[in-house]
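The next block holds one structure in the form of structure tokens; read it before the comments.
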Amino acid sequence: MEEMIAEGLIGNAPDPFGWYSTESLPYGYSLDAPDSETGWAELRILDRASGVVMRCAIGLHIFISDLAGRPALGRMAERVALRTEGWVFVEFHALPSAGLLGHLEKAGRCIRIEDCVHLDAPAMAAWNAHPHFHVVK
């Protein structure tokens with residue numbers, strides 16, 4: 001909730017998980033059961049690569065496909081990852097280039113699994129600042 005407030009979002013009184021930007025873009029978050037979105041096989045790969053036990057517990061969402069809302073979502077994900085020492089799951093439009101992966105790996109930790117990556121907070125900051133930044137899941 002603090003990150004929603006820091007981003008300037010306004011809470012929706014009837015729904016404590018619903019928030020709106022000043023442009024009326026709908027955002028939300030969820031506290032999910034561990035591993036609700038990421039399968040065990042993928043988590044084991046992440047565990048080995050990161051050296052820590054991974055789980056999926058916090059979901060940040062923008063509820064419409066308006067690209068204008070994606071940067072705020074990325075910034076919130078970065079700050080949550082920093083505060084929790086967590087990782088951000090990023091899904092790309094297409095396979096990421098070696099150059100992009102190298103850029104993210106230089107900035108922080110980046111674990112690639114197929115066409116997606118898991119980024120720590122410094123790598124997420126680099127992705128947020130990258131000129132090809134797009135959808136964050």
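The values are calculated or read from the model by the stated rules, or taken from the named source; none is laboratory data. In this text, all values refer to a predicted model and were calculated from it rather than measured experimentally. Glycine also receives a Cβ, built like all others from the backbone with ideal geometry; neighbour counts cover every protein chain displayed. Surface areas here come from the heavy atoms of the whole protein model, side chains and all, with no ligands, DNA or RNA. Shrake-Rupley method; radii C 1.70, N 1.55, O 1.52, S 1.80 Å.
Which of the residues that make up segment 1-28 are open to solvent by 60 Å² or more (accessible area, probe 1.4 Å), assigned to a loop (DSSP other than H, G, I, E, B) and either under 19 Å from Ala72 (Cα atoms) or touching a helix residue (DSSP H, G or I) at 6+ places or on another chain (Cβ under 7 Å) (or both)?
Answer for segment 1-28, where residues must be open to solvent by 60 Å² or more (accessible area, probe 1.4 Å), assigned to a loop (DSSP other than H, G, I, E, B) and either under 19 Å from Ala72 (Cα atoms) or touching a helix residue (DSSP H, G or I) at 6+ places or on another chain (Cβ under 7 Å) (or both): Met1, Thr22, Glu23, Ser24.
Being under 20 Å from Leu119 (Cβ atoms) and over 15 Å from the mean Cα position of the chain (by Cα) narrows it down to one residue among Ala6, Ala33, Ala13, Ala57; which is it?
Being under 20 Å from Leu119 (Cβ atoms) and over 15 Å from the mean Cα position of the chain (by Cα) holds for just one of Ala6, Ala33, Ala13, Ala57, which is Ala6.
For segment 97-137, give me the residue count where each residue is over 15 Å from the mean Cα position of the chain (by Cα) and surrounded by 19 or more Cβ atoms within 10 Å (Cβ to Cβ).
1
Out of all the residues in segment 29-48, is one or more basic (Lys, Arg), out of contact with any strand residue (DSSP E or B) (no Cβ under 9 Å at 6 or more places or on another chain) and either loosely packed, with under 14 Cβ neighbours inside 10 Å or in a helix (DSSP H, G or I) (or both)?
yes
Looking at segment 61-72, is at least one residue without any contact (Cβ under 8 Å) to a residue 40 or more places away in the chain and touching a helix residue (DSSP H, G or I) at 6+ places or on another chain (Cβ under 6 Å)?
Narrowing segment 61-72 to residues without any contact (Cβ under 8 Å) to a residue 40 or more places away in the chain: 61-65.
Subset that is touching a helix residue (DSSP H, G or I) at 6+ places or on another chain (Cβ under 6 Å): 62.
Checked against the condition, which is being without any contact (Cβ under 8 Å) to a residue 40 or more places away in the chain and touching a helix residue (DSSP H, G or I) at 6+ places or on another chain (Cβ under 6 Å), segment 61-72 yields at least one hit.
Hey, does segment 69-86 have a residue that's of a type in the set (Val, Ile, Thr) and surrounded by fewer than 14 Cβ atoms within 10 Å (Cβ to Cβ)?
yes
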